[in-house]
1. Mind counting the residues in the stretch 294-323 that are surrounded by 12 or more Cβ atoms within 10 Å (Cβ to Cβ), under 12 Å from V241 (Cβ atoms) and out of contact with any helix residue (DSSP H, G or I) (no Cβ under 7 Å at 6 or more places or on another chain)?
2. Which pairs have Cβ atoms under 6 Å, sit 6 or more apart or on different chains, and link a residue in the stretch 67-91 that is assigned by TED's automatic domain parsing to the domain that holds V28 to one that is small (G, A, S) and assigned to a loop (DSSP other than H, G, I, E, B)?
3. Considering (1) buried (at least 16 other Cβ atoms within 10 Å of the Cβ); (2) closer than 23 Å to I188 by Cα, say which one A52 fails and leave the rest.
4. Filter the stretch 247-269 for residues that are under 19 Å from P285 (Cα atoms) and free of Cβ contacts under 8 Å to residues at least 40 places away in the same chain and give the result.
5. Can you tell me which residue within the stretch 275-291, out of those that are part of a helix (DSSP H, G or I), within 18 Å of L313 (Cβ to Cβ) and among the hydrophobic types (A, V, I, L, M, F, W, C), is nearest to the chain's Cα centre (by Cα)?
6. Of the conditions (1) outside the structural domain of N271 (by TED's automatic domain parsing); (2) loosely packed, with under 11 Cβ neighbours inside 10 Å, P328 clears all except one; give me its number.
7. Out of the residues in the stretch 220-274 that are surrounded by fewer than 14 Cβ atoms within 10 Å (Cβ to Cβ) and of a type in the set (A, V, I, L, M), which is nearest to F316 (Cα to Cα)?
8. Six or more apart or on different chains, Cβ under 6 Å: which pairs go from a residue in the stretch 124-142 that's under 26 Å from Y94 (Cβ atoms) to one that's charged (D, E, K, R) and surrounded by fewer than 18 Cβ atoms within 10 Å (Cβ to Cβ)? Could you list them?
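The values are calculated or read from the model by the stated rules, or taken from the named source; none is laboratory data. From a predicted model like this one, the values you see are computed outputs, not experimental measurements. Neighbour counts are summed over all protein chains in view; Cβ atoms, including those assigned to glycine, are modelled from backbone coordinates with ideal geometry.
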Amino acid sequence: QAWAQDKATLKKNLQHLVRAANQRGIGVMPTLMYAPGQAADKSRWPETRAFAADLISAVGKEPGLAFWDASNEPDCCALPPSPANRQRMEHALYMVKALQELDPVTPVTIGATFADNLREYGDTEDVLSFHNYLPTRGAIAADIAKAKAYAAKVNKPLINTEIGCIARANPYDVALEEHMKAGVGWYIWELMITHSWGTVHGVFHQDGTIRDPTIVAALLGMFRDRHEDVMPSVPDREGFVTRAVANNKKWLADAGATWERGLDLAEISANLLEAGQLIAMYDPPTRTVDLLRKGAPNMPALRGAIEKYTAILEPFQLPSNDPTRGRPPANSH
């Protein structure tokens with residue numbers, strides 16, 4: 001649609017993207033998207049070929065161009081494919097051939113929704129590409145193994161071009177770890193937290209802050225320790241939790257409690273909760289405290305926060321003679 005409205009601007013913007021990415025050592029795989037109804041109407045397929053030709057004229061010789069993705073999930077979302085899927089899949093194969101004819105240098109793929117459907121495209125595309133949003137490690141690993149087996153059979157490279165969705169029980173770190181262990185390349189969906197899919201996908205906000213530090217660590221190949229002998233956190237090892245609980249209760253019981261002192265206590269509690277991983281980070285406590293500090297004094301809201309944090313911290317208090325206050329066993333990670 002953007003191409004139909006202003007071809008020159010779209011081509012200029014695509015050139016800028018590919019060149020900017022290349023300057024930073026990043027390869028680009030443009031994914032061709034089509035106007036509603038085009039894939040289902042064979043009389044309109046020449047329009048999509050013309051679209052591809054125009055994109056190739058813009059960036060086909062750019063060193064930053066890595067692949068062409070002829071179609072995103074034409075088999076979505078039925079297994080086995082429905083008749084409507086079949087029509088889109090036929091168009092995707094048409095576009096693979098068109099791209100290969102127009103640009104015989106750049107590899108072409110199709111982003112398959114399911115590894116099971118790779119066989120529908122494998123004879124035509126240059127690189128096999130599948131997506132995986134499965135909800136358990138076992139299912140993810142089995143899907144990867146299935147894709148690898150087919151890739152070996154047809155002797156073609158294999159990558160996963162979509163993983164990671166917090167709303168599908170497909171955590172980024174788990175999905176990334178399984179693909180890295182299997183030696184399969186990947187693209188995550190998606191880098192930026194956007195207005196479109198930002199509630200369930202994405203790593204970075206536009207200001208450079210992040211949704212979850214474990215995602216960034218996983219991208220660098222570092223993962224949470226889940227071994228049997230993992231060293232447990234002991235947030236009250238030096239008595240900070242015990243003191244925080246006592247100080248919070250004293251402030252809550254004080255009729256003359258001050259706003260400033262309450263904010264400090266709330267921040268100490270929030271830091272203990274986050275550092276010790278004692279609370280879900282859907283809405284970080286430190287964010288709550290920061291918003292309280294920036295706003296007008298609101299004692300009911302502050303009291304509510306301190307009461308909540310105190311209740312969560314209380315079970316983590318340790319007696320002064322508790323052995324876990326000492327050094328951990330030498331065999332712990």
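1. Of the residues in that region, 1 qualify.
2. N85/A78; Q87/A40; R88/A39; H91/A39
3. (2)
4. If the condition is that a residue be under 19 Å from P285 (Cα atoms) and free of Cβ contacts under 8 Å to residues at least 40 places away in the same chain, then N247, E260, R261, L263, D264, E267, I268 are the ones that fit.
5. Checked the stretch 275-291; the qualifying residue nearest to the chain's Cα centre (by Cα) is A275.
6. It is condition (2) that P328 fails.
7. Checking each candidate, the answer is A246.
8. Close Cβ pairs satisfying both conditions: L128/K156.
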